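Student: Here it is: the structure, laid out below.
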Amino acid sequence: MEPRPTVTLMVPTLNEAEGMRVIMPRVDVSGIDQVLVVDGGSEDGTADVARELGYEVYVQKKPGIRHAYIEAFPLIKGDMVITFSPDGNSIPELIPPLIQKMREGFDMVIVSRYAQGAHSEDDDAMTAFGNWLFTKTINKLHGGSYTDAMVIYRAWRRDLFTELDLHLDESYRQERWFGTVMGCEPLLSVRAAKRRLRVTEIPGDEPKRIAGDRKLQVVRWGLAYWFQVWLEKVTWR
């Protein structure tokens, strides 16, 4: 019998002390081999709260969500990674079914806010339209079948990070055009679709955040992701 794949729960944070106290104790760690909190320079003591709860903590050297992934990647011990937000948007009780689905042999499993039976309580009209537009565009251009291509809450094979060149700065060159730092999830969705990897979704509601400010940069991120999605049609093989 092959050994079961090991699991790392990666928790990017920025001023999420209240969420750490309320949400993280609900995480069932019995099926998780490593909890890695990656702090982006919080000013509310998030890293200290995480340490008090007994979690491994890494403090980023560069700001921005993708640098959380890039800098923390060498510390990830699991065969699969679950990226999880402690601000209340991600439901901890969905972690066990997410792991179970991955163990069926998928390369990536997304907790979709827009799959049948799920909904987002945190969306406004702008973000709902943006998520719909980007997901439809990714499906059309790159052969995906997503209902939610943008969400952070997902599990994926650790090796995908380097297999899909998500660790390379050149994969995010659009950042320079719009003065921002992009996330990895949309590109992960695009390149997984292009490679025809085994990807599926499970439905999962997105509750309202319980604390902290929304970090979304609607205009700059929107433009950067839009160019990234279209340029991927001709630039990455």
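The values are calculated or read from the model by the stated rules, or taken from the named source; none is laboratory data. Source: prediction; values computed, not measured. In this analysis, Cβ positions are derived from the backbone assuming ideal geometry, glycine residues included, and neighbour counts consider all displayed protein chains. Accessible surface is based on the protein model in full, side chains and every heavy atom, while ligands, DNA and RNA are left aside. Shrake-Rupley method; radii C 1.70, N 1.55, O 1.52, S 1.80 Å.
Student: Find the accessible area per residue for the chain; the probe is 1.4 Å, ligands and nucleic acids are left out, and the unit is Å². It would help to have the intermediate numbers written out before the result.
Tutor: Details: 11060 Å² over 237 residues.
For the chain, the solvent-accessible area averages 47 Å² per residue.
Student: Not counting ligands, DNA or RNA, and with a 1.4 Å probe, what is Asp79's accessible surface area in Å² rounded to the nearest 10?
Tutor: The value for Asp79 is about 80 Å².
Student: Let me ask something else. How large a share of the accessible area of the range 69-205, in percent, is made up of carbon and sulfur atoms when the probe is 1.4 Å and the other protein chains stay in place?
Tutor: Numbers: 2950 of 5530 Å².
After summing per-atom areas, the C and S share lands at 53 percent.
Student: Same structure, new question: Sort Phe106, Phe227 from largest to smallest accessible area, using a 1.4 Å probe on the heavy atoms of the protein chains. Before the final figure, lay out the partial values.
Tutor: Numbers: Phe106 35, Phe227 90 Å².
Per-residue accessible area, sorted high to low, gives Phe227, Phe106.
Student: Please report the accessible area of Asp87 (heavy atoms, 1.4 Å probe, ligands and nucleic acids excluded) in Å², nearest 10.
Tutor: Asp87 has an accessible surface of roughly 10 Å² with all protein chains in place.
Student: Ok, one more. Rg(Cα) of the chain divided by 2.2 N^0.38 Å?
Tutor: On the way: Rg = 16.7 Å, N = 237, 2.2 N^0.38 = 17.6 Å.
Here the Cα radius of gyration is 0.95 times the empirical estimate.
Student: In debye, nearest 20: dipole of the range 79-150 around its Cα centre with unit charges on the Cβ of K, R (+) and D, E (-)? Please report the intermediate quantities before stating the final value.
Tutor: On the way: 5 positive and 10 negative charges, 71 e Å.
Taking the Cα centre of the range 79-150 as origin, the dipole is about 340 debye.
Student: Here's another thing I want to ask about it. Just to verify a number: what accessible area does Leu187 come out at with the full protein assembly present, 1.4 Å probe, Å² rounded to tens?
Tutor: Approximately 0 Å² for this residue.
Student: Based on Cα positions only, what radius of gyration and what Dmax would you give for the range 131-227, in angstroms?
Tutor: That works out to 13.8, 38 Å for Rg and Dmax.
Student: With r as the distance between the Cβ atoms of Glu52 and Asn139 and R0 = 41 Å, compute the FRET efficiency 1/(1 + (r/R0)^6) and round to 0.05.
Tutor: Details: r = 43 Å, r/R0 = 1.05.
Computed FRET efficiency for Asn139 and Glu52: 0.45.
Student: Too long at a 22 Å Cα-Cα cut-off: which of Lys101/Lys233; Lys140/Lys233; Lys77/Lys208?
Tutor: Pairs exceeding 22 Å: Lys101/Lys233; Lys77/Lys208.
Student: Same structure again: Any idea how far apart Asp33 and Leu75 come out in nm if each label point goes 7 Å out from Cα toward Cβ?
Tutor: My value for the distance between the label points is 1.8 nm.
Student: Considering only DSSP states other than H, G, I, E and B, which GluC sites (Glu not before Pro) in the range 1-91 qualify as loop sites with at most 15 other Cβ atoms within 10 Å?
Tutor: Taking the range 1-91 and a limit of 15 other Cβ atoms within 10 Å, the loop GluC sites (Glu not before Pro) found are Glu43.
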